[in-house]
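First comes the structure, then the notes that go with it.
What follows is calculated from the coordinates using simple rules that are stated; it is not laboratory data. In this text, all values refer to a predicted model and were calculated from it rather than measured experimentally. Reconstructed Cβ throughout: ideal geometry from the backbone, glycine too, with neighbour counts over all protein chains shown.
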Amino acid sequence: MTEKKVLIAYGTRYGATEGVAIKIAEIFRDNNVLADVVNLKEKSDFDNFDDYDGLIIGSSIKIGQWTRDVKNFVRNMRLEIQKLTGPFGFYVCSGYASLDEQYAKVKEEYIPDKLTEFDISINYYDAFGGLIDFSESSKMGWLEKKIMKLAGSQATGLPVEEEYTDLRDWDKIEKFALGYLELIKV
């Protein structure tokens, strides 16, 4: 039996989405499924997905939008995504997804609702929290840090006083990966 192989393509702003992609790939490899992890900022030119048995796309969310790289990838590869014979998964990382009262809204509005703009349907997707990082090594710019500190906690209820807060639920991410594996191994 040949090993299954999945492409995990992502767009990240502050590293949360990349971390999720890496974790999913680790879980796949631990379960004998190969995974190519690709940052769409670095590579977005695929002719097709014939070398893969499945595709997962991940994007961070900022002001209700996917990263530009993910949006361009989905737009440019729309026809190939529609032709996929293996499972198509999608996830987003957003601070709001970590809030119980916002989770369902984030999951629906930022995945299946957005994919309908490209005439793509999906049945395997989830939303995870993001990162709030005010450390010196943060990928946030000074203006983003300032805005988040000033308005973030009042507007979102998210913990923005700490230097570094990881809002991702790693158990939920593992469950997502293992659920996708069930689809790929069928």
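Figures for the structure shown
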quantity: Cβ-derived FRET efficiency at R0 25 Å, N123 paired with D50, nearest 0.05; calculated: 0.70
quantity: Contact order relative to length of the range 1-123, as percent, for alpha carbon pairs under 8 angstrom and 6 or more apart; calculated: 26
quantity: Estimated distance in nm for a label pair at L99 and L79, the labels positioned 7 Å out from Cα along Cα-to-Cβ; calculated: 4.2
quantity: Within the range 1-30, trypsin sites (Lys or Arg not before Pro) in DSSP loop having at most 16 other beta-carbon neighbours inside 10 Å; calculated: none
quantity: Calculated FRET value between T116 and D171, using beta carbons and R₀ = 22 Å, to 0.05; calculated: 0.15
quantity: Greater than 20 Å apart at Cα, pairs in K5/K43; K23/K62; K62/K114; calculated: K23/K62
quantity: Phi-based couplings in Hz for the range 95-107 (Karplus 6.51, -1.76, 1.60; Gly and Pro marked x); calculated: x, 4, 5, 7, 8, 3, 6, 10, 3, 4, 5, 4, 4
